[in-house]
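Shown next, in structure tokens, is the structure this report addresses.
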Amino acid sequence: TSLMSLSSLDLSNNLLTGKLPASVVHMKSLRFLRLDSNQLEGQIPDMPRSIDVLDLSNNSFSGPLPHNLGNSLRFAFLSNNHLNGSTPLYFCDMALLQVLYLSDNILSGKLPNC
């Protein structure tokens, strides 16, 4: 089976370093991604549209939140990184979103009025 057809990927609690590989973002079938509790850094790229569960907490990601976290995202764990900037308005349009953790970052500005 090709890695590009994976629907779940859990590499949490390892010693992974560097940036999130572009190949992960191009996994069109990926629905569940856990890379929490590693040492990943850089900006979080836009995620595949298919992603349901995203856990990138407890890393060293920095910069603003991505422009797109997918249309089917239900659970997003992005806490304990170095994310900055404001909370994007697109969170208001994410009808399936049930859980959003952004704690322990350096976000600023106003929260969207939704």
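Some notes on this structure:
- Cβ-Cβ under 8 Å pairs, at least 6 apart or on other chains, the range 10-34 side at positive phi, far side modelled with pLDDT of 95 or more: Asn13/Asp36; Asn13/Ser37; Asn13/Asn38; Gly18/Leu40; Gly18/Glu41; Gly18/Gly42
- Given (1) open to solvent by 50 Å² or more (accessible area, probe 1.4 Å); (2) under 10 Å from the mean Cα position of the chain (by Cα), index of the condition Gly70 fails: (1)
- Restricting the range 12-36 to residues that are of a type outside the set (Val, Ile, Thr) and either open to solvent by less than 50 Å² (accessible area, probe 1.4 Å) or touching a Phe, Trp or Tyr at 6+ places or on another chain (Cβ under 6 Å) (or both), the residue that is nearest to Ser57 (Cα to Cα): Asp36
- Condition check for Ser2: among the hydroxyl-bearing types (Ser, Thr, Tyr), exposed (fewer than 12 other Cβ atoms within 10 Å of the Cβ) and under 22 Å from Pro64 (Cα atoms): no
- Residues that are under 13 Å from the mean Cα position of the chain (by Cα) and either acidic (Asp, Glu) or assigned to a loop (DSSP other than H, G, I, E, B) (or both), drawn from the range 79-96: Ser79, Asn80, Asn81
- Subset of the range 1-44 [in contact with a Ser or Thr (Cβ under 6 Å, 6 or more places away or on another chain) and in a strand (DSSP E or B)]: Phe32, Arg34, Gln39, Glu41
- Whenever a residue of the range 38-52 is on the phi > 0 side of the Ramachandran plot, its partners that are open to solvent by 10 Å² or more (accessible area, probe 1.4 Å) and assigned to a loop (DSSP other than H, G, I, E, B), lying with C-beta atoms within less than 8 angstrom and at least six residues away or across chains, give the pairs Gly42/Lys19; Gly42/Leu20.
The values are calculated or read from the model by the stated rules, or taken from the named source; none is laboratory data. What you are looking at is a predicted structure, and each value in this text was computed from that prediction instead of being measured. No Cβ is skipped: glycine too gets one built from the backbone with ideal geometry, and neighbour counts run over all protein chains shown. Heavy atoms of the whole protein, side chains included, go into the accessibility calculation; ligands, DNA and RNA do not. Shrake-Rupley method; radii C 1.70, N 1.55, O 1.52, S 1.80 Å.
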